[in-house]
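One structure below.
The values are calculated or read from the model by the stated rules, or taken from the named source; none is laboratory data. Since we're looking at a predicted model, the values are computed, not measured. Here the Cβ is made from the backbone with ideal geometry for all residues, glycine too, and neighbour counts use every protein chain on show. These accessible areas exclude ligands, DNA and RNA; they are computed on the full protein's heavy atoms, side chains included. Shrake-Rupley method; radii C 1.70, N 1.55, O 1.52, S 1.80 Å.
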Amino acid sequence: MKRTEIRSLLERTDYGTAVNVKGWVRTKRSSKNVAFIALNDGSTIKNVQIVVEMNEENDKLLERIHTGAALSIDGVLTESMGSGQSVEVQSKSIEILGEANPDEYPLQPKKHSLEFLREKAHLRFRTNTFSAIARIRHAMIFAVHNFFNDRNFYNIHTPIITGSDAEGAGEMFQVTTMNLENLPKKEDGSIDFEKDFFGKAANLTVSGQLEGELAALAMSNIYTFGPTFRAENSNTSRHLAEFWMIEPEMAFYDLNDNMDLAEDLLKYVIQYALDHCREDLEFLSKRQQDEEKTKKEDERSMELIKKLNFVLAEPFVRLTYTEAIDVLMNSKLNKKKKFQYIIEGWGADLQSEHERYLVEKHFKRPVILTDYPASIKAFYMKQNEDGKTVRAMDILFPQIGEIVGGSQREESYNKLLIKIKELDIPMESMWWYLETRKFGSVPHSGFGLGFERLILFLTGMSNIRDVIPFPRTPLNLEF
Ligand code: 4AD
Ligand code: MG
């Protein structure tokens, strides 16, 4: 018999029809005459209840069926009286596809800590929390492509291995085929990268932007959506060494157009989640509320779905970095030295505690900060007339801090060249980027949205390690 996925099975009303379901046992409970098995196949957060009559043959089978076992069940679709669902399956025949020894299977039908589940990342898809997150991740990938496709943006694959180390966005992972125990050396004792695979030093990319710009300066509107790598040793709940980034790049866009697009994208994908991931969001909302019961009332976060609607409701606040510094300097937290990093004045790099203060305490809305000091931003950002600031924009979200970073790009060949020299960026790795400013240069802009930070926000999870299936962080490469 052809298998029916539980997601579609639960929507059927053709009671009396013979069906086959396959999946993994979540729970089993037996009474005198019947046993109930909750089966899940990941197609939905919901389980289907399998009703098994107790008889000699089934009794023997049931002894071998425990949480985690994989079953194939032929049965009859039946209207359900009590399981909280409209249908259940009256089992006719059970095949055990794979047993799970209860003495060894780590996932028992009880609440496990997220830390414990991180150590069981090979099995954590089998929990409601992690399958819900995986389905939401999928929906968001789809939503992102929809958003851009609907607006005539072209998706460009930018390289993962790069020969340029110019962006300065973070420490890079080196890529080599050389024998690390016997590195070819030049006469001066330095490593001879000419002998390496590419004939030069290579790294994993920190961003697809620079190549994205090349495409935008021919195709107008493009976006990349790829993995990026940063070897910073930052063990925080918001940093990964391998994460996914969405990076649109648009010719003829100024910073305002750029901010409008980023705000539209964020609102579009949040609305998409509300429209397409309702059950998973409701589950995660309940989970978060349970988790926060121990917190004081005023420290609890807003209910998840309410929070998502809240972000959709109003325009994001837009202000300059300089204005934000004023707000922060005048804040009680700064005056009473309650921030971990006290803001001493203009020029300070904002930490996530400052970003969250602006969003959660002061403006109580997502915030877009613009026109940061040039000294704390990347070389490619368009320089303002004041000679001090650049046309940067960061979008700050509640609980997350920075979710988007972007800018208008410097289109002037001379200004860019001076900057590159100032910062000692090796020209030989950047000539191609500069040439786009020599031939048909135009104003253009772009930004990067951290995909996992977006999923963090959407799921209400508090650690970024829980919103990517196999997180890469310092000293963590098990799965
Ligand atoms: O602000 P970032 O470093 O900007 C860039 O890489 C630009 N090239 C983007 C562009 O203009 N095309 O990173 C962009 C976003 C951040 O706002 C954050 O959401 C996310 O990427 N991000 C990280 N997410 C997880 N782990 C990390 N280590 C991250 N670093 C940045
Ligand atoms: Mg940034």
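Karplus-derived 3J(HN,Hα) values for segment 291-299, using 6.51 cos²θ - 1.76 cosθ + 1.60 with θ = phi - 60°, are 4, 8, 4, 6, 7, 5, 4, 7, 9 Hz; glycine and proline are entered as x. Ligands, DNA and RNA excluded, the heavy atoms of residue 386 present near 90 Å² of accessible surface to a 1.4 Å solvent probe.
Note on residue 342/residue 312: beta-carbon distance plugged into 1/(1 + (r/R0)^6) with R0 of 41 Å gives a FRET efficiency of 0.75. Once you reduce segment 160-214 and segment 24-79 to the center of their Cα atoms, the two points are 54 Å from each other. Over the chain, Cα pairs under 8 Å with separation of 6+ residues give a relative contact order of 13 percent. The tail of the calculated P(r) for segment 214-282 beyond 13 Å holds 76 percent of all Cα-Cα pairs.
A DSSP coil position with no more than 14 other Cβ atoms inside 10 Å describes the following chymotrypsin sites (Phe, Trp or Tyr not before Pro) in segment 1-98: 15. Only helices enter the 222 nm calculation for the chain: every DSSP H run of n ≥ 4 contributes -39,500 (n - 2.57), and dividing by all residues gives -8500 deg cm²/dmol, rounded to 500. Straight-line reach from residue 185: taking Cα to Cα under 19 Å and skipping same-chain neighbours fewer than 8 places apart, the aspartates and glutamates in range are 194, 196.
Accessible area per residue was computed with a 1.4 Å probe on protein heavy atoms; residue 427 scores about 70 Å². By a 1.4 Å probe calculation restricted to protein chains, residue 183 has an accessible surface near 50 Å², given to the nearest 10. Taking trypsin sites (Lys or Arg not before Pro) in DSSP loop conformation with at most 12 other Cβ atoms inside 10 Å as exposed sites, the chain has its longest uninterrupted site-free stretch at 339-437. Qualifying chymotrypsin sites (Phe, Trp or Tyr not before Pro) in segment 239-280, where qualification requires a DSSP coil assignment and no more than 14 other C-beta atoms within 10 Å, comprise 252. Measuring spread by the Cα atoms of segment 6-107 yields a radius of gyration and Dmax of 12.8, 39 Å. Beta bridges assigned by DSSP with both partners in the chain are antiparallel in approximately 90 percent of cases. The Rg/Rh ratio of segment 276-371, with Rg taken over Cα atoms and Rh as the Kirkwood radius over Cα pairs, comes to 1.05. Dividing the mean sequence gap of close Cα pairs (under 8 Å, 6+ apart) by how many residues segment 105-233 holds gives a relative contact order of 28 percent.
Once the 1.4 Å probe is applied to the protein heavy atoms, segment 6-107 comes out at 51 Å² accessible per residue. For segment 124-141, backbone phi angles converted through the Karplus equation (6.51, -1.76, 1.60; θ = phi - 60°) give residue-by-residue couplings of 6, 4, 7, 9, 4, 4, 6, 6, 4, 4, 4, 5, 5, 4, 4, 4, 6, 4 Hz, Gly and Pro being listed as x.
If I take every Cα pair under 8 Å that is 6 or more residues apart in segment 6-107, average their sequence separation and divide by the length, what percent do I get for the relative contact order?
30 percent
If you wrap the Cα atoms of the chain in a convex hull and average its projected area over all directions, you get 29.1 nm². Whole-Hz Karplus values for segment 242-257 come out as 10, 9, 9, 10, 9, 10, x, 9, 10, 6, 6, 9, 9, 5, 5, 4 Hz, taken residue by residue from phi with 6.51 cos²θ - 1.76 cosθ + 1.60 and θ = phi - 60°; glycine and proline positions read x.
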